[in-house]
1. Accessible area, 1.4 Å probe, largest first: how do A:Lys160, A:Lys36, B:Lys323 sort?
2. What percent does the relative contact order of chain A come to when contacts are Cα pairs within less than 8 Å and at least six residues apart?
3. Charges only on Cβ, +1 for Lys and Arg, -1 for Asp and Glu: so what's the dipole of chain A about the Cα centre, in debye to the nearest 20?
4. Rounded to the nearest 20 debye, what is the charge dipole size of region B:121-303 about its Cα centre when +1 sits on each Lys and Arg Cβ and -1 on each Asp and Glu Cβ?
5. No other cysteine beta carbon under 4.7 Å away is the test; run it over the protein assembly as shown and list who passes.
6. For the rotation that superimposes chain A on chain B, which residue of A has the C-beta lying nearest to the axis, and at what distance in Å?
7. For B:Thr98, tell me the accessible area in Å² from a 1.4 Å probe, rounded to the nearest 10.
8. In what sequence, largest accessible area first, do A:Phe69, A:Phe6 appear using a 1.4 Å probe?
Protein chains: 2
Amino acid sequence: MARDIFILTEQDLRKCVCLDSASVDVVEKAFAALGKGDVIMPPILSMEIPQAHGEVDVKTAYIPGFAGFAIKVSPGFFENPKLGLPSLNGLMMLFSATTGLVEAVLLDNGYLTDVRTAAAGAVAARHLAPREVKVAGVMGTGVQARLQIEAAHLVRPFRKVLVWGRDEAKAEACAADIAARLGVEAVAEPDPARLVAQSQLVVTTTPAREPILKAEWLHPGLHITAMGSDQAGKNEIDPRALSAADLLVCDRVSQCEKLGELRSSIEAGLWEGAMPPELGQIINGTASGRRSEKDVTICDLTGTGAQDTAIATHALEMAREAKLGSVIQS
Amino acid sequence: MARDIFILTEQDLRKCVCLDSASVDVVEKAFAALGKGDVIMPPILSMEIPQAHGEVDVKTAYIPGFAGFAIKVSPGFFENPKLGLPSLNGLMMLFSATTGLVEAVLLDNGYLTDVRTAAAGAVAARHLAPREVKVAGVMGTGVQARLQIEAAHLVRPFRKVLVWGRDEAKAEACAADIAARLGVEAVAEPDPARLVAQSQLVVTTTPAREPILKAEWLHPGLHITAMGSDQAGKNEIDPRALSAADLLVCDRVSQCEKLGELRSSIEAGLWEGAMPPELGQIINGTASGRRSEKDVTICDLTGTGAQDTAIATHALEMAREAKLGSVIQS
């Protein structure tokens, strides 16, 4: 029996999905479900291919209340830039949660991952950052540096952005892009300590393997979202900062303790006591969030399959409304 | 930068891939690579969705020498027949092993899995069955019962087939299909002990959770391929049969000890000593196979991501040659 399967290209998806409040809200809904404990999210399937300096991750999650579940394939092949190709790539598939039949193939080349990753930053800032953020800082100068600041600006409309990167020219280019995009003042800040000192909200977006944000830079009224670490070898935040903060929140504890900032803290023997709460528990009010404007909060984001299911579901809805994509009968 | 991605439907794939010696050979090549130890094959990602009586498995493997690697998604949703839909389904994706870019989406609805699963049965029979097989028996009456017999017939051209199933009418229908397809005598045999007694080659293809083939039925010159068990709860072969046989061979030990017949034997405390050899080691001659026509051999097949990479690569080649499929630019 032939069925219709939607094929959506990156071009289609860029026309109907962007980093807006609808994307943030659907990702927030996924975190809320995660926090209730009724999401089924198996461990990430990960395959490293040393011969090609490549790796591929597969994520999925079933969220009650969502009509479908996504499976996302994210390859990262780090020799690609030599061939003029991007390192990161991938696609998502959306399956009916009732029949398991494939409904759509989203050939997004990683675009939806960019959006859902940034949307998680917005959710973290919405629930954890101080109410008033005048200055936001970002460490790193890539796609996520731009998108994380754009996402945070949706929920905390700050007037000034500081950008730090190892390469000053890239930091300046990133600041210029942010200024143009958001209509805010944005400047490169070569001293990361000064960047943190001036900011109420800092997002770290680097693939660092040694901390780039030191514990002694924490100050009252600071929120940090660390989204760069998603592998066992990565570490952006000084492990001492995690225990020094008033609150650490994980997107998913079982992932953060293996792939996130929490891992470095545990390995350094600096994490004592209970496991931190998850972002969804803060959203649902089943765990305490920021207690005052003076608290120091840190959110450790590793990226979850639940976000993929949320954004893929949203994308298919938007594409159908906009009558985008091709239909294949199979 | 837009790239071409091949989209192949089940209809396209049925036109260019079938259960023939080319499919068997490419699957044998995958097992040979597995046996050499140079395949990268992470554990299966498995998600159960009890709310929908469904499950979904994701398999993958990188095989040196193959230009691509497949990722296969296999949903099984067991309420589907009530809706007039098949329980099993799925698709495969083929990625470049050099760049990680998606090259093809194979919307096969499980067809390629059927072919590569049967092809593994042919590889097992080729390397383990007695040279002369006059009668082949099959337990189970589904798609794999038909295909496994067809596959075995490619490498051991027997003249008679016996079919056992719980439902005699289904066994008769299966026998009729096999007779028509292969031009051999094929009859339903209601007594499984008699089926085994008369056969030199038996394939078990059921989702049994209690053994359907007893140890006391083993006889000199018998080969059994057990392909039904692919989950922790399944068990087709009496655990005592595994230790009683002269040789047990696994498609992949790390899978069989969790999902195959070997699991039941280990759990019953009946498996002692070394882990069994793998099919690829028999193919490569790095482990001993059948020593005489009188040996009793058993092959435990759980299904490997390496087979998926092999059949997907083969399918894309065949489809390109036949100029089948659609091209999407993404």
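1. My answer, sorted largest first, is B:Lys323, A:Lys36, A:Lys160.
2. Values: 792 pairs, mean separation 77.4, N = 330.
For chain A, the relative contact order is 23 percent.
3. 480 debye
4. Details: 21 positive and 24 negative charges, 83 e Å.
The calculated dipole for region B:121-303 is roughly 400 debye.
5. Lacking a cysteine Cβ partner under 4.7 Å: A:Cys16, A:Cys18, A:Cys174, A:Cys299, B:Cys16, B:Cys18, B:Cys174, B:Cys299.
6. A:Leu45, 2
7. Rounded to the nearest 10, the figure is 90 Å².
8. Correct descending sequence by accessible area is A:Phe6, A:Phe69.
The values are calculated or read from the model by the stated rules, or taken from the named source; none is laboratory data. Quick caveat: nothing in here was measured; it's all calculated off a predicted structure. A quick note on method: Cβ atoms are made from the backbone with ideal geometry, for glycine too, and the neighbour counts reach across all protein chains shown. For accessibility, only protein heavy atoms count, side chains too; no ligands or nucleic acids. Shrake-Rupley method; radii C 1.70, N 1.55, O 1.52, S 1.80 Å.
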